[in-house]
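Asks: Submitted below is the structure of interest, expressed as structure tokens.
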Amino acid sequence: MSSVIEKQFALASISVGLQEGNLFITLEERTSNLFWKTQDRLYVVDLEGIIVREVQNDEDAILKQPNLKKLPIFIDKNNVAVDVGSFVLVPEEVENAFRFLDDLTASGIAYQYIELDRLAGKWVRLVTEQGYSILLDLTGDVEEQFKNLTIVLQEQVADPSTLEYIDLRFGDKVYVK
């Protein structure tokens, strides 16, 4: 019975038992932590990088929940098809993305979305609301990358609106255009 339920829903855990003639089913739902967009479809993803469910339309209940409608949006540049229950990110990437986004928000830098290109390797592009991009490596040291970003913005860039991108993916070498 649990395998039938697991095929229908993306659950963190399921327990099925029988006690004194009563059937007990205990479900633990995966939590929603980010949106994944591919092939013009929007999905909810948990902290483990697993697709929890598809957002059906603009009126979907999840988009009306104040704490969920502002989740970060990750866009798959390669438009690879996904299914509920499949991995789109590894947990380390999710954790590092949130660490970087928290630092970014705390420093007053607003962002629109994050774009990933798996065919290009570790290519991740965060698009800021000021119009420039930040290229980073979610499998690398995001704290060091954020420190490099701060140094560049404080010491080398007078007006961030003139930027096209800041590339933080190469350790101590930061490229600015």
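The values are calculated or read from the model by the stated rules, or taken from the named source; none is laboratory data. Please read all numbers here as calculations on a predicted model, not as lab measurements. Heads up, the Cβs are rebuilt from the backbone with ideal geometry, glycines too, and the neighbour counts pull from every protein chain shown. Accessible surface is based on the protein model in full, side chains and every heavy atom, while ligands, DNA and RNA are left aside. Shrake-Rupley method; radii C 1.70, N 1.55, O 1.52, S 1.80 Å.
Asks: Do we find a residue being basic (Lys, Arg) and in contact with a strand residue (DSSP E or B) (Cβ under 6 Å, 6 or more places away or on another chain) anywhere in region 144-153?
Replies: no
Asks: While we're here: Across region 1-46, what is the number of residues that are of a type outside the set (D, E, K, R) and either within 30 Å of GLN112 (Cα to Cα) or at pLDDT 90 or above (or both)?
Replies: Residues that pass the stated criteria total 16.
Asks: Within region 142-156, work out how many residues are among the acidic types (Asp, Glu) and modelled with pLDDT of 95 or more.
Replies: 2
Asks: So TYR111 ticks every box in (1) over 16 Å from PRO160 (Cβ atoms); (2) aromatic (Phe, Trp, Tyr); (3) in contact with a Ser or Thr (Cβ under 7 Å, 6 or more places away or on another chain) but one. Which box is left unticked?
Replies: Of (1) over 16 Å from PRO160 (Cβ atoms); (2) aromatic (Phe, Trp, Tyr); (3) in contact with a Ser or Thr (Cβ under 7 Å, 6 or more places away or on another chain), only one is false for TYR111: (1).
Asks: When residues of region 114-133 are filtered for being of a type in the set (A, V, I, L, M, F, W, C) and out of contact with any Phe, Trp or Tyr (no Cβ under 7 Å at 6 or more places or on another chain), how many remain?
Replies: The total comes to 4.
Asks: For LYS64, all conditions in the list (1) surrounded by fewer than 12 Cβ atoms within 10 Å (Cβ to Cβ); (2) under 23 Å from GLN154 (Cα atoms); (3) among the basic types (Lys, Arg) hold save one; what is the number of the exception?
Replies: (2)
Asks: Are there any pairs with C-beta distances below 9 angstrom linking a residue in region 123-149 that is among the β-branched types (Val, Ile, Thr) to a residue that is in a loop (DSSP other than H, G, I, E, B), with the two at least 6 apart or on different chains, and if so which?
Replies: Within 9 Å, the pairs are VAL124/ASP137; VAL124/LEU138; THR128/ILE109; THR128/ALA110; THR128/LEU163; ILE134/ILE109; THR139/VAL90; THR139/LYS122.
Asks: Evaluate the following for ALA158: is it under 21 Å from the mean Cα position of the chain (by Cα) and farther than 17 Å from PHE100 by Cα?
Replies: No; evaluated as a whole, the condition is false for this residue.
Asks: Return the residues of region 106-135 that are open to solvent by 20 Å² or more (accessible area, probe 1.4 Å), closer than 19 Å to LYS147 by Cβ and in a strand (DSSP E or B); say none if nothing qualifies.
Replies: Within region 106-135, TYR111 is the sole residue that qualifies.
Asks: Please indicate, with yes or no, whether at least one residue in region 78-94 is at pLDDT 95 or above and on the phi > 0 side of the Ramachandran plot.
Replies: Checked region 78-94: at least one residue is at pLDDT 95 or above and on the phi > 0 side of the Ramachandran plot.
Asks: In region 75-91, is there at least one residue being closer than 18 Å to LYS177 by Cα, in contact with an Asp or Glu (Cβ under 9 Å, 6 or more places away or on another chain) and outside any helix (DSSP H, G or I)?
Replies: no
Asks: Of the numbered conditions (1) more than 24 Å from LEU149 (Cβ to Cβ); (2) modelled with pLDDT of 90 or more; (3) not hydrophobic (A, V, I, L, M, F, W, C), GLU59 satisfies every one except a single condition; which is it?
Replies: Unmet for GLU59, out of (1) more than 24 Å from LEU149 (Cβ to Cβ); (2) modelled with pLDDT of 90 or more; (3) not hydrophobic (A, V, I, L, M, F, W, C): (2).
Asks: Also: Scan region 126-140 and tell me whether some residue there is at pLDDT below 95, more than 22 Å from LYS37 (Cβ to Cβ), within 18 Å of the chain's Cα centre (by Cα) and not β-branched (Val, Ile, Thr).
Replies: So far as region 126-140 goes, yes, one or more of its residues are at pLDDT below 95, more than 22 Å from LYS37 (Cβ to Cβ), within 18 Å of the chain's Cα centre (by Cα) and not β-branched (Val, Ile, Thr).
Asks: Take ARG118 and tell me if it is closer than 20 Å to THR38 by Cα and either of a type in the set (Asp, Glu) or modelled with pLDDT under 95 (or both).
Replies: Yes.
Asks: Identify, please: which residue in region 136-177 is among the basic types (Lys, Arg) and surrounded by 11 or more Cβ atoms within 10 Å (Cβ to Cβ) and is, among those, farthest from SER107 (Cα to Cα)?
Replies: ARG169
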